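The values are calculated or read from the model by the stated rules, or taken from the named source; none is laboratory data. Bear in mind the structure is a predicted one, so any value in this text is a computation, not a measurement. With ideal geometry, Cβ positions are generated from the backbone for all residues, glycine too; neighbour counts draw on all protein chains shown.
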């Protein structure tokens with residue numbers, strides 16, 4: 001395959017770039033909205049996400065994300081708390097190894113506005129690098145009509161990476177029972193919006209070009225409906241918009257609590273998701289294992305769009321990992337903003 005095809009893919013990605021995305025978007029909250037920082041039961045949360053997509057086509061994707069968050073409580077601020085997080089993302093595609101690396105710091109403030117209603121305002125600041133590897137590419141000009149000659153000069157670029165500051169903001173709302181408890185009163189609803197790349201950084205590889213990274217808007221709703229002591233329904237959806245790109249994804253799962261004894265909790269989640277646009281995209285079966293404060297989520301994208309001719313319906317696997325650390329706190333601190 002001539003590299004000009006690959007380069008055209010790279011330039012299409014650079015001109016109207018699309019952010020990384022996970023099918024288990026609900027297990028990558030800081031990529032969904034800074035307003036979801038600190039929205040969990042516990043003190044410190046570790047999250048990791050890995051995705052490998054389209055390995056049997058020339059422009060396969062590899063994506064990794066990792067995050068850590070910590071809550072801070074102050075007795076003088078009743079019914080509220082702060083959270084600070086660190087987020088790292090890496091996304092790579094194709095023979096040119098076209099990549100985006102991002103590291104950012106997220107901060108949020110959560111406040112209980114009513115016995116059943118909470119609001120969180122979050123923001124993040126970070127650095128984003130966009131880069132590609134010219135050494136892996138070949139060009140039509142290097143074929144002299146009879147043979148390939150790698151010594152022939154190739155197209156030049158002013159730089160092969162761009163480095164820019166990046167900013168995001170988000171707002172989350174939480175509804176849950178006044179007597180909510182993560183084992184016995186589990187119903188809850190989170191909904192909100194994230195806005196990413198507020199300054200639309202210039203990611204051009206030539207100094208005389210101005211190629212902006214479009215802002216991304218991500219709306220979402222994440223619901224847990226407790227039906228019995230041992231059975232929940234999970235409903236989760238997102239709609240994300242970035243320039244010409246649209247992503248709509250809905251998920252429905254059943255969560256079965258096998259053991260609800262404190263410090264011995266075990267649960268399993270079975271379900272599926274559907275990513276769709278006007279032509280359809282993917283069906284995504286998934287399974288999750290919950291053991292005490294640990295979570296392992298697995299899914300596989302089954303491609304059903306027109307691109308299935310190339311992918312043979314093989315989208316790719318995805319893994320999500322989470323651990324939440326909880327310390328024993330004085331009673332007066334435990335009562336501050338009791339998010340389950």
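Scanning segment 191-218 for residues that are in contact with a helix residue (DSSP H, G or I) (Cβ under 8 Å, 6 or more places away or on another chain) and either more than 23 Å from residue 40 (Cβ to Cβ) or crowded, with 18+ Cβ neighbours inside 10 Å (or both) gives 192, 194, 203, 204, 205, 211, 218. Selection of segment 224-251 for residues being without any contact (Cβ under 8 Å) to a residue 60 or more places away in the chain and either under 13 Å from residue 32 (Cα atoms) or surrounded by 14 or more Cβ atoms within 10 Å (Cβ to Cβ) (or both) yields 224, 225, 226, 232, 233, 234, 235, 237, 239, 241, 248, 250. Among the residues of segment 90-139, write down those that are farther than 18 Å from residue 34 by Cβ, touching a helix residue (DSSP H, G or I) at 6+ places or on another chain (Cβ under 7 Å) and surrounded by fewer than 19 Cβ atoms within 10 Å (Cβ to Cβ). Passing the criteria: 97, 138, 139. Taken together, 31, 102 contain a single residue that is in a helix (DSSP H, G or I), closer than 27 Å to residue 301 by Cβ, under 19 Å from the mean Cα position of the chain (by Cα) and at pLDDT 95 or above, which is 31.
When we screen 267, 221 for residues that are surrounded by 13 or more Cβ atoms within 10 Å (Cβ to Cβ) and within 24 Å of residue 325 (Cα to Cα), the only hit is 267.
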